[in-house]
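Here the structure comes first, spelled out in structure tokens, and everything after it is commentary.
The values are calculated or read from the model by the stated rules, or taken from the named source; none is laboratory data. The structure presented is a predicted model; accordingly, all values stated were derived computationally and were not measured. Neighbour counts are summed over all protein chains in view; Cβ atoms, including those assigned to glycine, are modelled from backbone coordinates with ideal geometry. Just the protein is used for accessible areas: all its heavy atoms, side chains included, with ligands, DNA and RNA removed. Shrake-Rupley method; radii C 1.70, N 1.55, O 1.52, S 1.80 Å.
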Amino acid sequence: SIASADMDLNQLEAFLTAQTKKQGGITADQAAVIAKFWKNHRIKIHESLINQSRWDNILKNMNWRVDLKSQSRHVDQINTPVAIVEMELGKNGQ
């Protein structure tokens, strides 16, 4: 819950206080350890969650154009726009 909400220190304190007051919740010592760990590793945990939620591939390059037909067997197809999109995918970090 702490990591998915990316809690700031005030939210963390309120959340841990609520957890210590719950029946079967955590102790004050456990809350202190969790708070210290979160303060020291918040950025790393947040970056890890973001990296895990990304696709393996990233968009490296994209080209596009719109063509118009200037000749066709059927007159109603002349000047019909056609979009052509080219996307280049690559592995994250390469």
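Of the labelled figures (1) 18.3; (2) 13.5; (3) 16.7, only one reflects Kirkwood radius over Cα pairs in Å as derived from the coordinates, namely (1). Tell me the angle of helix 28-53 to the major Cα principal axis of the chain, expressed in degrees between 0 and 90 and rounded to the nearest ten. The two axes meet at around 10 degrees.
For the chain, modelled as a GNM whose springs connect Cα atoms under 10 angstrom apart, the maximal fluctuation among 71, 11, 30 occurs at 71.
Per-residue SASA remark: residue 76, around 130 Å² accessible (1.4 Å probe; ligands, DNA and RNA not included). Charge tally around residue 63: other residues with Cβ under 9 Å, Lys/Arg +1 each, Asp/Glu -1 each, net -1.
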